[in-house]
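These notes concern the structure reproduced below.
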Amino acid sequence: MTFSTSSSIALLLILISTVILVYLTRLYRSRPSVGLRSVEAYQAIQRQAARAVESGRGIHFSLGRGSLGKATNPASLAALSALQNLSKDACAGDKPPMVTAGDGTLFVASQDLVRGSYEELGRPGAYQSQTSMFVAPGNSPMTYGASLSEIINKGEHGSNLVLGHFGSELALIAEAADREQLEQIIGSDDLTALAVAMSVTEDVIIGEELYAAAAYLQGEPAHIASLQLQDILRILVAISILIAALVSLVIG
Amino acid sequence: MNQIKRSLPLILAYVFGVLALIGLLFVPVIAKTLTGWAGFLAAIALLIGIINLLTVHSRRLVRGNVYSGVLVLSLSAVVLLGATDYIGLTTGGVSAVFKHVQAPLEAAVASMLAFFLLFSGVRIVQRRPNGWAILFIVAVIIFLLGRTPLPGLVGDAFVGLSDFLTDVFVSAGMRGILIGIALGAIAVSIRVLMGTDRPYNR
């Protein structure tokens, strides 16, 4: 067993964050009506899901190419969380959603979620294995982007939801969706992908907003508490940066 | 029975999550073992994904899709090459395919990104001719001129201006977003450890 200062600080930070999260969750359970800052992209997600079902054209939901077993895990989990909240609505229509993934673990998880949605709707037989599709391995980003643009170019979908870990290949995906005049919502944890997204759609979920998917789409007390936790941590980081800047200014 | 079916994944996720956390911070051998297991499971998941890809495209091939035919053929050829490499009939077959086919194709597609971004930039101005779009275009022009070999003082001025924008505004914005992403990742990880987020168990 090895103890280091940085590991101990990290563990302390995690423990304190957990305690704050548990406390805030209990607080929001007893006070359920909490107003969230309006994020246009999350309102648009719900509108698009409903519109795609009404129009008979399905949704294309891309979960990115981040693995659940690597550092991209949180972004992929956030994307899965959004899928979990939307898939029941999306599966209610005649046209099933198309979920694409660029990683094996993400693909298996998405298959399970979509199958679960059909089971919850009481029509497990309606689930088709092609609803979730593994497109290309994550270490071939351009192959992944080109494959998705091919899927989008078929014109079978009414909207394009792109949430998770992407890189510059997002330009190919967004361009294809733009050509098909699809409504797009893009959210990523990658700065290059965000820069690309800003140039094609107004509905961009920027950075930390991606991790708020569950709070906006589901609104459970624990999810809202986790948003509050993020705010507290952000204030602490900002104060620390200010103090460090002041100290370095004074000491030189 | 139903209760056990629902609780078991949650308990397993919690136990292994805490073990991995302790392992990463204090006992590297536990972390190494668990990430090894995760790697093995990820490889199995990749195999399932490839089987799904092959199944979907085989169905499309039957319906007459030529591109799916190309995919099925290439996939089968690479698997066959892998097998012949393994038994010693060929040497470096799979790496040759990656070096001479996959890598150049990826590079060719990547080289087109600049054009996609340029068209996207033009479209953003056409679609949203507001203050932000104008700011975007002004920034693009300054950066382009800053990276162009212009003569004398004019060139130096644009290099200085573009460097100032990159070092101050772009860096500050990027760091702000990255700090937000890191904090969001911490919050999601704790939610998963607490069992609030369960993408593996509805």
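Quick one: which of B:Gly121, B:Gly131, B:Gly146 is surrounded by 15 or more Cβ atoms within 10 Å (Cβ to Cβ) and more than 14 Å from A:Ala171 (Cβ to Cβ)?
B:Gly146
Residues A:Ile59, A:Ile20, A:Ile14: which one is at pLDDT 85 or above, touching a Leu at 6+ places or on another chain (Cβ under 8 Å), under 28 Å from B:Leu24 (Cβ atoms) and more than 8 Å from every other protein chain (Cβ to nearest Cβ)? Write out each step before concluding.
Working: A:Ile59 fails: under 28 Å from B:Leu24 (Cβ atoms); A:Ile14 fails: more than 8 Å from every other protein chain (Cβ to nearest Cβ).
Exactly one residue qualifies, and that residue is A:Ile20.
If you take the residues of the range A:201-252 that are of a type in the set (Asp, Glu) and without any contact (Cβ under 8 Å) to a residue 60 or more places away in the chain, which of them is farthest from A:Tyr42 (Cα to Cα)? Before you say what the answer is, go through the steps one by one.
First, the residues of the range A:201-252 that are of a type in the set (Asp, Glu): A:202-203, A:208-209, A:220, A:231.
From the residues that got through so far, the ones that are without any contact (Cβ under 8 Å) to a residue 60 or more places away in the chain too are A:208, A:220, A:231.
Working: A:Glu208: 13, A:Glu220: 15, A:Asp231: 19 Å.
Among those that are of a type in the set (Asp, Glu) and without any contact (Cβ under 8 Å) to a residue 60 or more places away in the chain, it is A:Asp231.
Look through the range A:23-38, keep the residues that are in contact (Cβ under 8 Å) with a residue 40 or more places away in the chain and more than 13 Å from chain B (Cβ to nearest Cβ), and return whichever of them is farthest from A:Leu86 (Cα to Cα).
Per the stated criteria, the residue is A:Leu27.
Does A:Leu161 fit the bill of being farther than 24 Å from B:Tyr67 by Cβ, touching a His at 6+ places or on another chain (Cβ under 8 Å) and modelled with pLDDT of 85 or more? Give the steps one after another, and end with the answer.
Working: farther than 24 Å from B:Tyr67 by Cβ: yes; touching a His at 6+ places or on another chain (Cβ under 8 Å): yes; modelled with pLDDT of 85 or more: yes.
So A:Leu161 passes the test.
What single numbered condition from (1) loosely packed, with under 14 Cβ neighbours inside 10 Å; (2) touching a residue at least 24 places away in the same chain (Cβ under 8 Å); (3) more than 19 Å from A:Gln111 (Cα to Cα) fails to hold for B:Arg6?
(3)
For A:Lys70, are the conditions met, namely being closer than 30 Å to A:Asn139 by Cα and among the basic types (Lys, Arg)? Give the steps one after another, and end with the answer.
Values: closer than 30 Å to A:Asn139 by Cα: yes; among the basic types (Lys, Arg): yes.
Yes: the conditions hold for A:Lys70.
Since B:Ala42 meets every condition but one in (1) within 11 Å of another protein chain (Cβ to nearest Cβ); (2) surrounded by fewer than 16 Cβ atoms within 10 Å (Cβ to Cβ); (3) modelled with pLDDT of 85 or more, which condition does it not meet?
Here B:Ala42 clears every test but (2).
Of all residues in the range B:168-202, how many are at the interface with another protein chain (Cβ under 7 Å from one of its Cβ atoms), assigned to a helix (DSSP H, G or I) and of a type in the set (Phe, Trp, Tyr)?
So the answer is 0.
The values are calculated or read from the model by the stated rules, or taken from the named source; none is laboratory data. Keep in mind that this is a model prediction, so the values were computed, not measured. For neighbour counting, all protein chains shown are included, and Cβ atoms are generated from backbone atoms with ideal geometry for every residue, glycine included.
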